[in-house]
Ligand SMILES: [Zn+2]
């Protein structure tokens, strides 16, 4: 029989992560538990061998140069995307007074662009994922109106459990589910129907960072609602009305 | 004016984030079990980090970067080696994947190779917490942030990972001494 503490608290103790009270408690337990004493010894020697084995692998020489070069060229590329660049050039050959005004204006824009550029990156990924899903054959990885088929499908594919519910009674029949990638991580995409339209609801665990997706808005004819609840972040997107998206998000967060 | 802002941003990135490049590479190398793939993915992740850098509100730059590296690694694994995410390798699969090399015999008894193979045989979610804790020296709080898990589960995840590692090591002790193959790209330190 193994002492339960040897599989839990012992590790917090080993790592110096217990608060003083619990550490003291565990030390008292050690006085009478031979199993934990033995296990602590084993863990300490395992740690010692891991640390003396020089397993840490440093980046190859030259990687940092490659990264710097790619950042510089990525930067040049993203500058080209700003539509004001040609306008700026055009203005530059105009009257001096216009240039002064424009520079003052564009300087301000640039500062604003600092934040909205990142916002755009996150939002663009959501919109792209939605548009991609509407192409034939891309909507769902698991097509089912039954939440008991869709929910287990995500098992083992994600490190969290997305809230999957059929909401046909409320006018949002479940169509299916899909794995998608947003912001570099795999997320659950739940697909709902609304009259003849499809709604994608992306769900992922809260990252702890403030999200850069605005709470609501419209772009390219698509409407989105972004919100958080129960440790999850939700972004619903579709060409249906914002009111519909609100209703669906609220139902999912119940 | 725009250029001044931009070079300031890049300078800040090079000062705050670039020093953690080794951490990024080491983490990717252990998640992907290959130096060559880790180099590609680290580069991609660093560029991505730069793009998101304006969203970085200060604080633990290493944890922030490693979170991005981790996402890039899992995305890469899903695309290129999904089997890594779903299978718990037994050692025979693992040896095939690792390949063989002429120098292998000479260093097979080496403690480092022995531990390396054991660590690599763990599922990625066990492997990552061990690498973050034992090689990178991260606190539980940092591990929670990097691996996007609640801080309350870090201790139990680590406990399970260490238990697994112990099991693999005790199973393979005999064989390692007899000379098992090492991976080709294990590489120099
Ligand atoms: Zn005990």
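If you go through segment B:180-188 one residue at a time, do you hit one that is at pLDDT below 90, assigned to a helix (DSSP H, G or I) and either buried (at least 20 other Cβ atoms within 10 Å of the Cβ) or facing another protein chain (nearest Cβ under 8 Å) (or both)?
yes
Give me the residue from segment A:1-13 that is more than 8 Å from the ligand (Cβ to nearest atom) and facing chain B (nearest Cβ under 9 Å) and, out of that set, surrounded by the most Cβ atoms within 10 Å (Cβ to Cβ).
A:11
Checking residue A:71 against (1) assigned to a helix (DSSP H, G or I); (2) within 16 Å of the ligand (Cβ to nearest atom); (3) surrounded by 13 or more Cβ atoms within 10 Å (Cβ to Cβ): exactly one of these is not met. Which one?
(2)
Report, by residue number, each residue of segment A:20-61 that is in contact (Cβ under 8 Å) with a residue 24 or more places away in the chain, surrounded by 15 or more Cβ atoms within 10 Å (Cβ to Cβ) and either more than 11 Å from the ligand (Cβ to nearest atom) or within 11 Å of chain B (Cβ to nearest Cβ) (or both).
The answer is A:39, A:43, A:47.
For the subset of segment B:137-147 comprising residues that are touching a helix residue (DSSP H, G or I) at 6+ places or on another chain (Cβ under 8 Å) and facing chain A (nearest Cβ under 8 Å), which member is farthest from residue A:48 (Cα to Cα)?
B:145
Quick one: residue A:209 ticks every box in (1) modelled with pLDDT of 90 or more; (2) within 14 Å of chain B (Cβ to nearest Cβ); (3) outside any strand (DSSP E or B) except a single one, so which number is it?
It fails just one condition, (1).
Has segment A:164-173 got at least one residue that is in a strand (DSSP E or B) and either in contact with a strand residue (DSSP E or B) (Cβ under 9 Å, 6 or more places away or on another chain) or away from every other protein chain (no Cβ under 14 Å) (or both)?
Looking for residues that are in a strand (DSSP E or B) and either in contact with a strand residue (DSSP E or B) (Cβ under 9 Å, 6 or more places away or on another chain) or away from every other protein chain (no Cβ under 14 Å) (or both), one finds at least one in segment A:164-173, hence yes.
Would you be able to say whether some residue in segment A:233-245 is assigned to a strand (DSSP E or B), out of contact with any strand residue (DSSP E or B) (no Cβ under 9 Å at 6 or more places or on another chain) and in the same structural domain as residue A:146 (by the TED database)?
No, every residue in segment A:233-245 fails to be assigned to a strand (DSSP E or B), out of contact with any strand residue (DSSP E or B) (no Cβ under 9 Å at 6 or more places or on another chain) and in the same structural domain as residue A:146 (by the TED database).
Hey, which of the helices (runs of 4 or more DSSP H) in segment B:29-136, taking only ones fully inside, have at least 1 residues that are surrounded by fewer than 23 Cβ atoms within 10 Å (Cβ to Cβ) and modelled with pLDDT of 90 or more?
On the way: elements: B:35-52, B:61-80, B:83-86, B:91-98, B:104-107, B:111-120, B:124-130.
Fully inside segment B:29-136 and qualifying: B:35-52, B:61-80, B:111-120, B:124-130.
Looking at (1) more than 14 Å from chain B (Cβ to nearest Cβ); (2) free of Cβ contacts under 8 Å to residues at least 24 places away in the same chain, can you tell me which one residue A:155 breaks?
Going through the list (1) more than 14 Å from chain B (Cβ to nearest Cβ); (2) free of Cβ contacts under 8 Å to residues at least 24 places away in the same chain, residue A:155 breaks only (1).
The values are calculated or read from the model by the stated rules, or taken from the named source; none is laboratory data. Since we're looking at a predicted model, the values are computed, not measured. Cβ coordinates were reconstructed from backbone atoms using ideal geometry, including for glycine residues, and neighbour counts include every protein chain displayed.
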